[in-house]
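The next block holds one structure in the form of structure tokens; read it before the comments.
The values are calculated or read from the model by the stated rules, or taken from the named source; none is laboratory data. Note that this is a predicted model, so its numbers are computed, not measured. Here Cβ is always computed from backbone atoms with ideal geometry, including for glycine, and neighbour counts include all displayed protein chains. Note: areas computed on protein heavy atoms with side chains; ligands, DNA, RNA excluded. Shrake-Rupley method; radii C 1.70, N 1.55, O 1.52, S 1.80 Å.
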Amino acid sequence: METKYTIYLADDHELVAQGLSTLLLQIQEVEKVVTFKNGKELFQACMNEKPNFVFLDYEMPVWDGKETLTQLKNNFPKIPVLMLSMLNEKSIIKECINLGASAYLHKDSSTEELHEAIKSASISEIYFSNEVKKALSGTLKGQTGQLTLKEEISEREMEILKLLCDGLSPKEISEKLFLSQRTVETHKTNIMHKFDVNSIAKLISLAIKNRIV
């Protein structure tokens with residue numbers, strides 16, 4: 001039986017909410033999109049019936065995206081939360097990922113990008129839309145923080161880690177670096193072992209939080 005998703009979407013601009021809802025309903029797996037004017041209304045609805053995914057505008061009255069994301073992750077940690085914004089500021093993007101967001105998308109994202117974000121979130125991988133990738137590209141330089149790695153990361157692993165943090169999939173990385181996808185997957189597995197994590201979401205969160213790359 002084909003999976004059918006219910007999505008909750010919070011955005012205080014009615015036309016934007018309607019537009020995003022229309023795009024999401026074009027995705028075959030999406031059966032229903034319920035819209036809310038602010039994060040608090042959406043959170044209260046989750047108390048009665050949990051959706052498969054939540055999309056949040058970052059800037060909203062009452063509860064903004066950050067507050068709603070925090071409340072959802074504290075109370076319903078298994079619901080993937082995908083952030084939507086016109087803001088591409090690196091500090092905001094990183095903060096949302098550190099708080100547990102499964103994706104950060106520009107509001108101009110296409111149906112294809114929304115679909116890819118849902119697919120990534122369903123397997124606990126973090127997704128960035130193309131506009132957000134551009135904003136993040138080359139910005140994760142810095143010094144190692146408090147994280148202690150099991151083993152030192154090689155130069156190739158560092159290169160792949162940075163691309164993962166930029167939102168690229170193993171397939172996209174293999175094409176970019178002219179490597180086989182199996183080789184990239186092996187490097188990814190080794191990196192995750194060194195970080196002592198069992199998901200890409202945790203890996204990216206730690207890498208961004210500790211400025212590893």
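Nearest 500 deg cm²/dmol is fine: what mean residue ellipticity at 222 nm does the chain get from its DSSP H runs of n ≥ 4 alone, each adding -39,500 (n - 2.57), divided by its residue count?
The helix-only estimate for the chain comes to -14500 deg cm²/dmol at 222 nm.
May I ask you to compute the full-extension gain from Thr6 to Glu159, defined as 0.36 nm times their residue separation minus their alpha-carbon distance, rounded to one decimal in nm?
Full extension from Thr6 to Glu159 adds 51.4 nm.
For the chain, modelled as a GNM with alpha-carbon contacts under 10 angstrom, which of Ser109, Ser154, Ser169 fluctuates the most?
Maximum among the listed residues: Ser154.
In the chain, which longest range has no trypsin sites (Lys or Arg not before Pro) that are both DSSP loop (not H, G, I, E or B) and surrounded by at most 14 other Cβ atoms within 10 Å?
Here the longest run is 5-77.
Tell me the angle of helix 111-122 to the major Cα principal axis of the chain, expressed in degrees between 0 and 90 and rounded to the nearest ten.
It is inclined by approximately 70 degrees.
Hey, any idea what % of the chain's accessible area is carbon plus sulfur with a 1.4 Å probe?
Looking at the chain in its full context, I get 47 percent from C and S.
Can you tell me how the range 1-118 classifies by the Cα gyration tensor, rounded, prolate or oblate, using a/c under 1.5 as the rounded cut?
rounded
Would you mind working out the accessible area per residue for the chain, using a 1.4 Å probe, and quoting it in Å²?
51
Where a ≥ b ≥ c are the square roots of the eigenvalues of the C-alpha gyration tensor, would you call the chain rounded, which needs a/c under 1.5, or, failing that, prolate if a/b is larger than b/c, or oblate?
Prolate, because a/c is 1.5 or more and a/b exceeds b/c.
Along the positive direction of the dipole of the chain (beta-carbon charges: Lys, Arg +1; Asp, Glu -1; about the Cα centre), which of Ser124, Leu25, Val62 reaches farthest?
So the residue furthest toward the plus end is Ser124.
Show which lysines lie in cross-link reach of Lys119 when reach means a straight Cα distance below 20 angstrom and same-chain residues fewer than eight apart are skipped.
Leaving aside lysines fewer than 8 places away in the same chain, those within reach of Lys119 are Lys4, Lys32, Lys50, Lys73, Lys78, Lys107, Lys133, Lys171, Lys188, Lys202.
From the square roots a ≥ b ≥ c of the eigenvalues of the alpha-carbon gyration tensor of the range 74-122, which class results: rounded (a/c under 1.5), prolate (a/b over b/c), or oblate?
Taking the square roots of the gyration eigenvalues as a ≥ b ≥ c, the range 74-122 is oblate.
Enter the angle in degrees (range 0 to 90, nearest 10) between the Cα long axis of helix 181-195 and the first principal axis of the Cα atoms of the chain, meaning the one along which they spread out most.
90
Taking the chain as a Gaussian network, Cα atoms linked when under 10 Å apart, which of Ile27, Ile160, Ile93 shows the biggest mean-square fluctuation?
Ile27
Would you work out the charge dipole size for the chain about its Cα centre, treating the Cβ of every Lys and Arg as +1 and the Cβ of every Asp and Glu as -1, and quote it to the nearest 20 debye?
620
Defining a contact as two alpha carbons under 8 Å apart and six or more residues distant in sequence, what relative contact order in percent does the chain show?
16
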